[in-house]
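To start, the structure under review is shown below, and the notes come after it.
The values are calculated or read from the model by the stated rules, or taken from the named source; none is laboratory data. Quantities reported herein were computed from a predicted structural model and do not represent experimental measurements. Cβ: placed from backbone, ideal geometry, glycine included. Neighbour counts: every protein chain shown. These area figures cover heavy atoms from the full protein model, side chains too; ligands, DNA and RNA do not enter into them. Shrake-Rupley method; radii C 1.70, N 1.55, O 1.52, S 1.80 Å.
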Amino acid sequence: LFLFNPVLHASATGQHITLIALLSTSIAVLALGFMDDMLHIPAKYKLVALGIAAASFAGSGQQISDLQLGWYHLHLGMAAIPVTILWLIAVPVSLNFIDGMDGLAGGVSVLAAAVLSIVAISFGALHVAVISLALTGAIAGFLIFNFDPAKVFMGDAGSMFLGFVLAALGVMGSASSGHSNVILSVAVALSVPLFDTVLTFIRRGILLRRSLFSA
C-alpha cells in the first residue's frame, strides 16, 4: 500500500476511487488465479469471475471511450463499457495462454509495463506512470529467477494478475490523459500474446470445432 499512498494524496477524489477499484479488482483476479493454481478451477468459471472483475472496474468510471487511429477518430459511445470489459478480459487471458516457456510471459509483461510508464509520463498521467514503474521493477526482479532454467514460476495467479493490471492501467492512462495512444501502446506491446489468443480461438473453435475452453 505504501506505493499507492503518495499517489492517493496527490490525486483528486475521482482518482482515489479509480485506484481503489484497481487495487480491489486486481487482488480479486490474483486470488482467482491462486485458487486455480491450487484447485484447478474450470475455465468457464474463471472467465465468468474475470468478467465480473472487469465489469466492476469499468463500473468505476474508467472506460475506453475513444480510439484515435491515425486520422480516423472513433467515438465508442454506448459500446465503451463492453469494449472496456472485453479488453480487461482479453489481456489477462492472452498472457495466461503464453505462460508456457521460462521467461516468456514475464518478458512480455515487463516490456509492456516499461512502455506504458514512458507513454504515461509523456501524456501527464503520472499516477499511472508511478504504478507502471513499480510493476516494471517487480517483474524485472522476478525475471532474474524465471529465465531458463527457471527457479520460480508465476502460474495463473501471476499471469492473470499482470495482464489485468496492465490492461487496467492502459484504460486509466487513456481516460485521465484523454489520449487513446496510451492504451494503443499497451496493445502494441502485447500484440504477440493478443494475436496468439485470436489464432488459438480460431484454431479451436473453427478449424478443430471443439470447445474454446479445452486445453
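Calculated FRET efficiency, Met78 to Met101, Cβ-Cβ distance, R0 = 41 Å: about 0.55 to the nearest 0.05. Sites listed here are chymotrypsin sites (Phe, Trp or Tyr not before Pro) in the range 46-105 whose DSSP assignment is loop and whose Cβ has at most 14 other Cβ atoms within 10 Å: Trp71. What the chain shows is 51 Å² of accessible area per residue, with the surface traced by a 1.4 Å probe over protein heavy atoms.
Quick check on the range 75-190: take the gyration tensor over C-alpha atoms, sort the square-rooted eigenvalues as a ≥ b ≥ c, and tell me if it's rounded (a/c under 1.5), prolate or oblate. Oblate. Label zone of Ile52 (point 7 Å out along Cα→Cβ, amide N under 20 Å): in the range 164-178 this covers 164-165, 168. What number comes out for the charge environment of Ile52, summing +1 per Lys or Arg and -1 per Asp or Glu over other residues with Cβ under 14 Å away? Taking every Cβ under 14 Å from that of Ile52, the sum is +2.
Around the Cα centre of the chain, unit charges on the Cβ atoms of Lys, Arg, Asp and Glu (plus for the first two, minus for the last two) sum to a dipole of about 420 debye. Of the trypsin sites (Lys or Arg not before Pro) found in the range 120-208, those that fall in a DSSP loop while having at most 15 other beta-carbon atoms within 10 Å are Lys151.
Atom-type composition of the exposed protein surface of the chain places 73 percent of the accessible area on carbon and sulfur (1.4 angstrom probe).
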